[in-house]
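Working notes for the structure below.
None of the figures in this text is laboratory data; all of them are computed from the coordinates on show. All figures in this text were calculated on a predicted structure; none of them were measured in a lab. With ideal geometry, Cβ positions are generated from the backbone for all residues, glycine too; neighbour counts draw on all protein chains shown.
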Amino acid sequence: MILANKGQSVVPDISFIGGTALTLNKTNDIIENAQIDILHGRIVSIKSVSKPTQLLAKKIIDASGCLVMPGLINGHTHTGMTLLRGIADDLPLHNWLNDKIFPLEKKWVSKDFVYLGNLLAQLEMIRSGTTIFNDMYYFEAAAAQAVQESGLRAICGQTLVEISGVEDTQKIFAQFDQYLEAIAHFPRVLPAIAPHSIYGVSDPVWEKITQYASERSLRVHLHLQETKSEVEDCQKKRNMTPTEFFEKVGLFRNKTIVAHAVCMEEKDISILSKYQVGVIHNPESNLKLGSLIAPVVKMRDAGVSIGLGTDGTASNNNLDLLEEADTALKLQIFQTGVGKLKALDVVRMLTLEGAKALKLDHEIGSLEVGKSADLIAVNTEFPHAVPLYDPFSHLAYSASGRDVKHSVVGGSVLMENGKVLTLDEKAILQEAKQWGRRIASGIS
C-alpha cells in the first residue's frame with residue numbers, strides 16, 4: 001500500500017525505515033515494512049517497500065522490529081506539580097486537595113518550581129511516547145518555556161482557582177492577558193484558559209471566563225464531575241448538575257476540554273455530545289483518589305470524543321500513557337463487559353480520538369500524508385512482545401512506555417535509540433532530587 005504525494009522528488013529530511021506502521025487513519029491501515037518520509041516537519045509519503053527507496057533521506061531512522069505509530073496524546077495533566085510525585089498518597093480527592101496539595105502548592109509553587117517540574121515531566125513523557133500534552137497549572141509561561149526546550153507540543157492552560165468570589169476579577173483577566181502575550185512566540189504551544197472546577201470558581205466569574213475565551217478563540221480546560229459530592233453540592237446550590245450549569249452560562253460554545261467526567265447522568269452526556277465537548281479519561285488517578293469509573297462506553301456511544309490522560313504525578317504517580325490504556329480498557333471490561341471497549345478503541349483514544357477531543361485531529365493523531373510528523377517507534381524485540389499476533393492488543397495490554405525507542409515531533413528527533421536528545425537528563429534529575437530534599441525537609 002502507498003499513501004504519498006504524487007510526483008514527490010525532493011529528498012526527505014527523515015525516513016523511518018523497516019517498521020510496521022499503524023496509521024490509525026479512518027480505516028486503521030497497517031503497513032508492513034514501512035518507509036515513512038518526512039519533509040519540512042510533515043509526512044510526505046507512507047509506503048511498504050522491500051528495501052529503502054533510492055531517494056534516501058538526509059537522516060535514516062531504523063525502525064526494524066518496531067511498531068511505528070502516531071505520538072501519544074496526554075489529554076489532561078498538571079506537569080508543573082511533578083516535583084510533588086508521591087507526596088500525598090492514600091487519601092480521597094477532597095482531603096488530598098485541601099489538606100495536602102493546596103497547602104504544599106501555596107508554600108512551594110513558583111516559576112522555578114513549575115519550570116523544573118516541567119522539564120522532569122517532559123523528560124518522562126518523551127521517554128514514554130507522549131508527543132503532546134494538555135496542561136493545567138500555575139505559571140504556565142514557565143511550562144511553555146520548557147516545551148520550547150524539550151521539543152514537545154503542548155496546550156498550556158493557565159489555571160484559575162477563585163473560591164471566595166471576592167477576588168479582583170479585572171486583575172485576574174489582566175494576568176491572563178499577560179500570560180497570552182508571554183507565550184505568543186512559542187510555536188508548538190497553544191494557549192488555553194483553565195478554570196479549575198465548578199467548586200473552584202464563583203458563578204459570576206464563569207460568565208466572564210466564557211466571554212473571555214470566546215473573544216480570544218481560546219480552548220477552555222477544566223475538571224468536570226469528578227466525584228459524587230461535586231455533583232450533589234452543585235445540585236443543592238443551583239438545582240442542576242455542573243454540566244447543565246456550564247451549558248447555561250454558554251461555556252461549551254467555546255472549544256472545551258473536560259477532565260474526568262466520572263459521575264455523569266444521561267442528560268449530561270447528551271449535553272457534551274451536543275456541544276462536541278472533548279472528554280479526557282484519567283482512570284489511574286480516578287482509582288487512586290476513589291473517584292469511581294467514568295462511563296466511557298456510554299459517552300463514546302453517544303458520540304463524545306474521549307482521550308486519555310494521566311492527570312498529575314501527585315495522583316497517578318507516573319506519566320506512562322500505555323499503562324493508562326491498559327488500566328482504562330480493563331476497567332471498562334469490568335464495568336460494561338468484554339468487547340464493549342476493544343484494544344483498538346483504546347489505542348485510538350491515545351491517538352486520533354484524543355486529537356479530536358483536543359480539537360487537533362486535522363493536524364495530529366494519525367499517520368497520514370500532510371499531517372505533522374509526530375510519531376514514535378515502539379520496540380517489540382522484548383519477551384513480553386513475543387509472539388505478537390495483534391499490534392493493538394500488544395499496545396493496550398502488554399506494552400509500556402519503557403518500550404518506546406524513537407520519538408519525533410514536527411520532524412524534529414527528540415529521542416533516538418532510547419536516548420533523549422533535547423534535554424540534559426542527568427542535570428534535570430540531579431536538580432529534581434535537590435528540590436525533593438528541600439520539600440521533604442519542610443514537611444512537619
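Evaluating kT/(6 pi eta Rh) at 37 °C and 0.692 mPa s, with the Kirkwood radius of region 289-442 over Cα pairs in the Stokes-Einstein relation, gives 186 µm² s⁻¹.
Annotation: the antiparallel percentage among DSSP beta bridges lying fully within the chain is about 45.
Can you give the net charge of the other residues whose Cβ lies under 10 Å from the Cβ of Lys340, counting K and R as +1 and D and E as -1? Residues near Lys340 contribute +1 overall. When the chain is described by a simple charge dipole with +1 on each Lys and Arg Cβ and -1 on each Asp and Glu Cβ, the residue from Ser45, Leu329, Thr130 located farthest towards its positive end is Ser45.
Pick out, from Met81, Gln158, Ser441, the residue whose Cα sits farthest towards the positive end of the charge dipole of the chain, with +1 on the Cβ of Lys and Arg and -1 on the Cβ of Asp and Glu. It is Gln158. Taken over region 72-357, the ratio of Cα radius of gyration to 2.2 N^0.38 Å equals 0.92.
For Ser305, the residues 5 or more places off, or on other chains, whose built amide H falls under 5 Å of its own are Val279.
Residue-normalised convex hull volume from the C-alpha trace of region 193-278: 77 Å³ per residue. When Rg and Dmax are taken over the Cα atoms of region 17-123, they come to 21.7, 63 Å.
Tally Lys and Arg at +1 and Asp and Glu at -1 over the other residues with C-beta under 13 Å from the C-beta of Ala328: what net charge comes out? Local net charge: -3. When the pairs Lys59/Lys371; Lys106/Lys330; Lys288/Lys426; Lys171/Lys426; Lys59/Lys111 are compared against a 28 Å limit on Cα-Cα distance, Lys106/Lys330; Lys288/Lys426; Lys171/Lys426; Lys59/Lys111 fall above it.
Counting Lys +1, Arg +1, Asp -1, Glu -1, what net charge surrounds Pro12 among other residues with beta carbon under 14 Å of its beta carbon?
On the way: positive: Arg42, Lys47, Lys58, Lys59; negative: Asp13, Asp37.
Residues near Pro12 contribute +2 overall.
Placing +1 on the Cβ of every Lys and Arg and -1 on the Cβ of every Asp and Glu, with no other charges, gives the chain a dipole of roughly 500 debye about its Cα centre.
Tell me which of Gln35, Gln175, Asn25 sits at the most positive position along the dipole axis of the chain, charges placed on C-beta atoms (Lys, Arg +1; Asp, Glu -1). The residue sitting most towards the positive pole is Gln35.
Under a 5 Å amide H cut-off, with hydrogens placed 1.01 Å from N, Lys371 pairs with Ile43 among residues at least 5 apart or on other chains.
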